[in-house]
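**Q** Below you will find the structure I want to go over with you.
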Amino acid sequence: MKRFLPVLLAVSLLAGCNNENKVVIKGSFTVPAEGVVYLDQSEVDRNIRVDSAMIKRGQFKFVTEVTGPEFYQLRFTGNEFVALLVMPGENISLEIGKTPVAMNYTVQGSPGSADIRMLDQQLLVTKTRLDSISNIYNSLSANDMDIRGAELQKAYTEVVDAQRKFNIKFVVENISSMSSIQALYQRIDENTYVLYQPRDLQYLKIVSDSLSVRYPVSRHVRALKENVTTELNQMYIDRISSIAMQMPETSSSPELPDINGKMVSVASLKGKYVLVSFWSTTSEESMNQLPVLRSIYNDYHRKGLEIYQISLDPDAERWKNVVRYEEIPWISVREPDPENPVYARLMNITYLPSNLLYDPQGNIINTNLTGRNLLIRMDQLFNKQR
């Protein structure tokens, strides 16, 4: 009999490993319910159905396995759903009330899911308030608009700002929790993030850095670094485009202040090839381009190239500190009002970093110069046979 003990021990250990990863999700309804409940796994850009269960006597149950933190949705009839953040080994119990389900359920056994519930319910309250203000605003007559229009616009802005502050507070207090990703991704509507201001990019970096240490192999964390920055950068560019028609025309030759406040213009550099580069220290792609620009500058500055780098940083001191720390040798200037960037709008800048090339006569001869194309163009200009 003793000879079977090692085998039994191995089986026991294997079962223990599986139990560590097992997640049980149980739900019960406090109101009559029937039909099917679907369990969807949430990715950044889509949901994937992984299981379904019939509601029997007002209850349902799922058993699954996860090896790390995972986002799920429980989806009910009528497009009702609740979001979950599950961890290996959790035994989750939900009690579900009347519709809307998202506002009338409780969850136990999963701290991450409890955080998601709080975030989602707070956002739903905010959306309800905004809808109410919008309905009143849209129903005003012309005379009433003169009297109450500004008041309602202010009220709307205050509700949006309160939601933003709520999410920022949550992120700061939960830097090392995967639930902070939910706070970063939430939207007021299809086109507007709760964290919509350019300076909110700092919270993305803080959360990304913290979670990368704690969950280095999580695809959700990788998606945060690769996807969220891109989305918010696009939102920022959309904002630039939306104000384009309201801005006065200006010269296509930028003249902006450097870190010491000295005005420097591209026009003053006539006689040289000038690479105008739009960037931001909060853009990972922009920071990754710095070594490339440094190499180009070292190779071609003495041959007649100047780099004129325009910052769209909302925080002027951060920009100045990075310029000093990186010991940037070329001309580094900043748009004074990055939320209304005159030259970025005029030059149709739609992403960061973006590079344009001026010839010695002051004409723009190339746009969209990045990566290999930028290196090839420099080689063509300065290494050609004379």
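The values are calculated or read from the model by the stated rules, or taken from the named source; none is laboratory data. The shown structure was predicted, so the numbers you read here are calculated from the model rather than taken from an experiment. Please note: Cβ atoms are built from the backbone with ideal geometry, for glycine as well, and neighbour counts cover all protein chains shown.
**Q** Which members of region 47-70 meet the condition of being outside any strand (DSSP E or B), touching a residue at least 24 places away in the same chain (Cβ under 8 Å) and exposed (fewer than 15 other Cβ atoms within 10 Å of the Cβ)? If you could, list the steps in order and put the result at the bottom.
**A** Going residue by residue through region 47-70, those that are outside any strand (DSSP E or B) are 55, 57-58, 66-69.
Narrowing further to those that are touching a residue at least 24 places away in the same chain (Cβ under 8 Å): 55, 58, 66-69.
Within region 47-70, GLY58, THR67 meet the criteria.
**Q** Pick from PRO329, PRO314: which is without any contact (Cβ under 8 Å) to a residue 40 or more places away in the chain, assigned to a loop (DSSP other than H, G, I, E, B), in the same structural domain as ASN260 (by TED's automatic domain parsing) and not charged (D, E, K, R)?
**A** Working: PRO314 fails: without any contact (Cβ under 8 Å) to a residue 40 or more places away in the chain.
Going through PRO329, PRO314 in turn, just one is without any contact (Cβ under 8 Å) to a residue 40 or more places away in the chain, assigned to a loop (DSSP other than H, G, I, E, B), in the same structural domain as ASN260 (by TED's automatic domain parsing) and not charged (D, E, K, R): PRO329.
**Q** For region 29-46: of the residues being surrounded by 14 or more Cβ atoms within 10 Å (Cβ to Cβ) and aliphatic (A, V, I, L, M), which is farthest from the chain's Cα centre (by Cα)?
**A** Top of the filtered list is ALA33.
**Q** Related question: For region 96-112, state whether one or more residues are part of a strand (DSSP E or B), touching a strand residue (DSSP E or B) at 6+ places or on another chain (Cβ under 8 Å) and not β-branched (Val, Ile, Thr). Break it down into steps so the answer makes sense when it comes.
**A** In the first step, residues of region 96-112 are kept if they are part of a strand (DSSP E or B); the result is 96, 105-108.
Subset that is touching a strand residue (DSSP E or B) at 6+ places or on another chain (Cβ under 8 Å): 96, 105-108.
Among the residues that remain, those that are also not β-branched (Val, Ile, Thr) are: 105, 108.
Checked against the condition, which is being part of a strand (DSSP E or B), touching a strand residue (DSSP E or B) at 6+ places or on another chain (Cβ under 8 Å) and not β-branched (Val, Ile, Thr), region 96-112 yields at least one hit.
**Q** From the set of residues in region 309-362 that are over 11 Å from SER277 (Cβ atoms) and of a type in the set (S, T, N, Q), which is modelled with the highest pLDDT?
**A** Selected residue: ASN321.
**Q** Taking only region 187-199 into account, find how many residues are touching a residue at least 40 places away in the same chain (Cβ under 8 Å) and surrounded by 19 or more Cβ atoms within 10 Å (Cβ to Cβ).
**A** Matching residues across region 187-199 total 3.
**Q** Also, quick follow-up: So in region 336-350, with the set limited to residues that are in a loop (DSSP other than H, G, I, E, B) and under 23 Å from the mean Cα position of the chain (by Cα), which one is surrounded by the fewest Cβ atoms within 10 Å (Cβ to Cβ)? Write out each step before concluding.
**A** First, pick out the residues of region 336-350 that are in a loop (DSSP other than H, G, I, E, B): 336-341, 347-350.
If we keep only those that are under 23 Å from the mean Cα position of the chain (by Cα) as well, we get 337-341, 348-350.
On the way: ASP337: 10, PRO338: 21, GLU339: 14, ASN340: 15, PRO341: 23, ASN348: 12, ILE349: 22, THR350: 14.
Selected residue: ASP337.
**Q** What residue, among those in region 246-260 that are loosely packed, with under 13 Cβ neighbours inside 10 Å and of a type outside the set (Gly, Ala, Ser), is modelled with the highest pLDDT? Walk me through how you get there before you give the answer.
**A** Filtering region 246-260 down to residues loosely packed, with under 13 Cβ neighbours inside 10 Å leaves 246, 248-251, 260.
If we keep only those that are of a type outside the set (Gly, Ala, Ser) too, we end up with 246, 248-250, 260.
Working: GLN246: 44, PRO248: 42, GLU249: 39, THR250: 39, ASN260: 93.
Checking each candidate, the answer is ASN260.
**Q** Kindly indicate whether any position in region 184-193 is in a helix (DSSP H, G or I) and either touching a helix residue (DSSP H, G or I) at 6+ places or on another chain (Cβ under 9 Å) or among the acidic types (Asp, Glu) (or both).
**A** Taking region 184-193 as the starting set, the residues that turn out to be in a helix (DSSP H, G or I) are 184-185.
This time we only want the ones that are either touching a helix residue (DSSP H, G or I) at 6+ places or on another chain (Cβ under 9 Å) or among the acidic types (Asp, Glu) (or both), so: 184-185.
Yes.
**Q** Within region 257-291, track down each residue that is in a strand (DSSP E or B) and either farther than 21 Å from ASN366 by Cα or out of contact with any Pro (no Cβ under 9 Å at 6 or more places or on another chain) (or both). Explain how you work it out, then say what you get.
**A** From region 257-291, those in a strand (DSSP E or B) are 257-258, 263-265, 273-279; that's our starting set.
Result: PRO257, ASP258, MET263, VAL264, LEU275.
**Q** Additional query: Within region 351-362, can one find any residue that is closer than 30 Å to ALA223 by Cβ and assigned to a strand (DSSP E or B)? Reasoning before the result, please.
**A** Residues of region 351-362 closer than 30 Å to ALA223 by Cβ: 351-355.
Filter again for assigned to a strand (DSSP E or B), leaving 354-355.
The answer is yes; a qualifying residue exists.
**Q** Looking at region 200-245, what helices (runs of 4 or more DSSP H) fall wholly within it and have at least 1 residues that are at pLDDT below 60 and surrounded by 14 or more Cβ atoms within 10 Å (Cβ to Cβ)?
**A** Details: elements: 201-214, 219-223, 229-242.
Once the helices (runs of 4 or more DSSP H) in region 200-245 are filtered for at least 1 residues that are at pLDDT below 60 and surrounded by 14 or more Cβ atoms within 10 Å (Cβ to Cβ), what remains is 229-242.
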